[in-house]
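Undergrad: I have a structure here, written as structure tokens, and I will follow up with some questions on it.
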Amino acid sequence: YEENGASLLDPVLCEVINTWFMPKGGGKAFDCFAGDTAFGFVTSYMGNSYSGVELRQEQVDANLKSLANEGLKVNYFCDDGRNVRNHIPDDSQDLFFSCPPYYDLEVYSDKENDASNQPTYEEFYKILDTAFTESAKCLKNNRFAVVVAGDIRNKKNGGYYDFITDIKETFKRNGFLLYNQLILLRQVGSAALFATKTMETRKVRSIHEDVLVFYKGDPEEIKEEYGSYFLDDRQNIPAHEEVLVFYKGD
């Protein structure tokens, strides 16, 4: 969804990823393209720790201010995502989760090393490729890496870049296997607002994002590392919250 024109990560998705793909007993999660507080907050609220690398100091400051006095195990480092290993040791993390920039669909800053304002898609993806490759070295063996990505059109000719395939190839080259390819559906209603334009241009508006789940290690170890039934480790997490509605007056 969007707030003040900036896209924000779905916190429900963050909870699902932590529930399904964090080892039993919890652990450490990280992201080389941290962005807002959603994943850091949810991860820590669920009893895990989180480290995020974020390029923009103003975003880091906003995150830390938002999470101040929450007592959460969250760290943000202001740096280029390609420098993730300057802040996070090799073979130390239990879950990688990232929703990287979608090239120029949303430009975050005018910094020369900001992936979102690179002059070409190739230069944009080179930054992501390096950041993902470096992040792979921080992840322990027998662990999951999850990347949320959506389709990106070339603004000049209207054709799609092969963004999803490029991400798959990066992780495959780094020794991961594609374990799941999930589909996150967005609101259909907003796409309907562009129906007339869609008919004129014949460009169908996307209403989904891919959630690419990669695994590093021996798949035979998954049951041992993650348990046979993922809800076993959620017994102390409330399954609901009460919404109390009070009325003052007649």
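Undergrad: What distance in nm lies between label points placed 7 Å from Cα along the C-beta direction at residue 228 and residue 183?
TA: Going from the residue 228 label point to the residue 183 one covers 3.3 nm.
Undergrad: In square nanometres, what is the average projected area of the Cα convex hull of the range 20-178? Mind dumping the intermediate values first?
TA: Details: hull surface 37.1 nm².
Projected area, direction-averaged: 9.3 nm².
Undergrad: Under a Cβ-only charge scheme (Lys and Arg +1, Asp and Glu -1), can you give me the dipole magnitude of the chain about the Cα centre, in debye to the nearest 20?
TA: On the way: 27 positive and 41 negative charges, 98 e Å.
Taking the Cα centre of the chain as origin, the dipole is about 480 debye.
Undergrad: Relative contact order for the chain: what percent, with Cα pairs under 8 Å and sequence separation of 6 or more?
TA: Numbers: 402 pairs, mean separation 44.4, N = 250.
So the answer I get is 18 percent.
Undergrad: Shifting gears a bit: Taking all protein chains in place and a 1.4 Å probe, what share, in percent, of the accessible surface of the range 82-173 do carbon and sulfur account for?
TA: Working: 1860 of 4200 Å².
Ligands and nucleic acids excluded, carbon and sulfur give 44 percent.
Undergrad: Work out the charge dipole of the chain with +1 on the Cβ of Lys and Arg and -1 on the Cβ of Asp and Glu about the Cα centre, then indicate which of 109, 149, 41 is farthest towards its positive end.
TA: Result: 149, furthest along the dipole toward the positive end.
Undergrad: Same structure again: What is the local net charge at residue 86, summed over the other residues whose Cβ is closer than 11 Å to its Cβ (Lys, Arg +1; Asp, Glu -1)? All intermediate terms of the calculation are to be shown ahead of the outcome.
TA: Working: positive: 82, 85; negative: 79, 80, 134.
Value of the local net charge: -1.
Undergrad: Here's a follow-up. Please report the Cα spread of the range 1-101 along all three principal axes, rounded to whole Å, starting with the longest.
TA: The Cα atoms of the range 1-101 stretch 37, 30, 28 Å along their principal axes.
Undergrad: Running a GNM on the chain with Cα contacts under 10 Å, which residue among 143, 56, 186 ends up with the highest mean-square fluctuation?
TA: Greatest mean-square fluctuation among the candidates belongs to 186.
Undergrad: Can you give the accessible area per residue of the chain, in Å², using a 1.4 Å probe?
TA: Values: 14430 Å² over 250 residues.
Using a 1.4 Å probe on heavy atoms only, each residue of the chain averages 58 Å².
Undergrad: Turning to a different aspect of this structure: Relative contact order (percent) for the range 18-112, with alpha-carbon contacts under 8 angstrom and 6 or more residues of separation? Walk me through the numbers before you get to the answer.
TA: Working: 130 pairs, mean separation 33.6, N = 95.
Relative contact order, the range 18-112: 35 percent.
Undergrad: Just to make sure I understand: if all protein chains stay in place, what is the order of 61, 114, 129 by accessible area at 1.4 Å, largest first?
TA: On the way: 61 80, 114 10, 129 35 Å².
From most accessible down to least: 61, 129, 114.
The values are calculated or read from the model by the stated rules, or taken from the named source; none is laboratory data. Please read all numbers here as calculations on a predicted model, not as lab measurements. Quick reminder, even Gly has a Cβ in these numbers, built from the backbone with ideal geometry, and neighbours come from all protein chains shown. Areas reflect the complete protein model, heavy atoms only, side chains present, ligands, DNA and RNA absent. Shrake-Rupley method; radii C 1.70, N 1.55, O 1.52, S 1.80 Å.
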